[in-house]
Amino acid sequence: MINHNSSPKLGGAGVGHSSFFIHHSSFLLICLGLMLLLSTSCGINPLHPNIITSLRFAPDTFDSYKRNTSLKYSLLKEAEVSISIYDSNGSLVKTLIENLLETKGSHSHGWLGISDKGTFVPQGIYIAKVKADYDEAFASVELFHY
């Protein structure tokens, strides 16, 4: 038989609805705090959903002496976009675009394997950082020379 008038007993004797509400509220505050902590340390921000989706290089390996690669992605909303290419040491080698207002939808930007100095970069792994408003995403590409 179910008694609808009795309060649930959580955490020991004498704990009723009001205590359950306090514990539940504290749990929610702790979860919110953890989410905010993760947003600053891991790039996840529950208060601002992702804007950048489907980020990839196509092709993801290329010979820059013979052809280029394209960085492809989609935006879930209009955003101001910046794209930077870094070498495996974390040094900036190329700024593809900076603070360009792009519309919602699919986008593509080519890279010839050339640095901001106008020279071919050495073979290796390169990382693209795409920043769209408050969102950031990363993709890697392997560049080689034959």
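What follows draws every value from the coordinates through simple rules; no lab data is involved. The structure displayed is predicted, hence computed values, not measured ones. Glycine also receives a Cβ, built like all others from the backbone with ideal geometry; neighbour counts cover every protein chain displayed.
A few points about this structure:
- Think of the stretch 52-144 as having a plus end and a minus end, set by charges on the Cβ of Lys, Arg, Asp and Glu; of LEU92, LEU76, LEU143, LEU143 sits farthest toward the positive end of this dipole.
- For the stretch 109-146 versus the stretch 83-102, the gap between their alpha-carbon centres in whole angstrom: 7 Å
- Placing +1 on the Cβ of every Lys and Arg and -1 on the Cβ of every Asp and Glu, with no other charges, gives the stretch 52-144 a dipole of roughly 240 debye about its Cα centre.
- Proximal lysines relative to LYS72, as straight alpha-carbon distance under 27 Å, when same-chain residues fewer than 8 apart are discounted: LYS94, LYS104, LYS117, LYS129, LYS131
- Cα gyration tensor, the stretch 52-144 - rounded (a/c under 1.5), prolate or oblate: prolate
- FRET efficiency for the LEU92 to ASP63 pair, using the beta carbon distance and R₀ = 35 Å, is estimated at 0.95.
- Remark: ILE114, ILE85 ranked as ILE114, ILE85, counting other beta-carbon atoms within 10 Å and listing the fewest first.
- Neighbour-count ranking [beta-carbon atoms within 10 angstrom, fewest first] of VAL130, VAL93: VAL93, VAL130
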